[in-house]
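In what follows, a single structure is set out as C-alpha cells and then discussed.
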C-alpha cells in the first residue's frame, strides 16, 4: 500500500455562528464545536483511507478561546499519523471576526479513526508522509500519543481507571 502525503487528507470547513449555536454567554456550545470536529476529522480520515471509518477515540480537545455569535468558525483537519488500520487526525479550530478579519485559534484536537472494509472489519490504511513543519512536528510526537492510547485501553480492560 502506497504512503500518502498528509496534504491529501487536508480538509477545510467553515460556517457562521448563529444564536441557536450559542449558550447564555453568547459563545458557541462546546458540544457543537465537538460535532464539527468529529465531522471534519471523519472527512479527513475517509480521504486518506478511501474507506468508511468510525471514531475510535478523542484523545484531546483543548478549548483555547470562545467562538462568539456572529463569528465564522474555521476548521482544518489532516491525518497526522497511521498505524495498521487506525489514523490519528489533527484538527485546528479558529474563529474569525468577519468585520475585522481577526482570527484566533479557539481549539485543537486529536482523534483516532479506524478504517473499515466492506464487512465492517478493520482494514489496513496507507501510512502518511508529513511535509510541512507543522505536519512533521505533529508526526514526531504521534508515537507517544499512540502509546498513551494503548495504555488507557489496557487499563480499562483490567478494570482500572485510566491515568
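Defining a contact as two alpha carbons under 8 Å apart and six or more residues distant in sequence, what relative contact order in percent does the stretch 27-87 show?
On the way: 33 pairs, mean separation 27.9, N = 61.
Across the stretch 27-87, relative contact order equals 46 percent.
Relative to the longest principal axis of the C-alpha atoms of the chain, give the angle of the C-alpha long axis of helix 142-157, reported between 0 and 90° and rounded to the nearest 10°.
Result, in degrees: 80.
Let me have the relative contact order for the stretch 15-163, percent, based on Cα pairs under 8 Å that are six or more residues apart.
Working: 277 pairs, mean separation 34.3, N = 149.
Averaging sequence separation for qualifying contacts and normalising by length gives 23 percent for the stretch 15-163.
Can you work out the PRE-style zone for residue 131? Point 7 Å along Cα to Cβ, and I want the residues of the stretch 1-31 with backbone N under 17 Å.
What the label zone holds, given the 17 Å backbone N cut-off, is 2-12.
Using only C-alpha atoms and all pairs of different ones, pull out the Kirkwood radius for the stretch 46-107 in Å with one decimal. Write out the running numbers ahead of the final one.
On the way: mean 1/r = 0.0741 Å⁻¹.
Its Kirkwood hydrodynamic radius stands at 13.5 Å.
For the pair residue 35 and residue 55, how long in nm is the line joining their label points, each one 7 Å along Cα→Cβ?
1.1
Return the tail of the calculated pair distribution for the stretch 4-157, meaning the percent of Cα-Cα pairs more than 27 Å apart.
Working: 3077 of 11781 pairs.
That fraction is 26 percent.
Determine the relative contact order of the stretch 1-53: mean sequence separation of Cα pairs under 8 Å and six or more apart, normalised by residue count, in whole percent.
Averaging sequence separation for qualifying contacts and normalising by length gives 42 percent for the stretch 1-53.
Where in the stretch 1-28 does the amide nitrogen come within less than 19 Å of the point 7 Å from the Cα of residue 117, taken along Cα to Cβ?
1-2
Measuring from label point to label point, each 7 Å out along Cα→Cβ, what is the residue 100 to residue 157 span in nm?
5.1
Helix 30-49 versus the longest principal axis of the chain: what is the Cα-based angle in degrees, 0 to 90, to the nearest 10?
40
Bear in mind that the values in this text are calculations on the coordinates, not laboratory data. No experiment lies behind these values; they were computed from the predicted model shown. Positions of Cβ are backbone-derived with ideal geometry, glycine not excepted, and every protein chain shown enters the neighbour counts.
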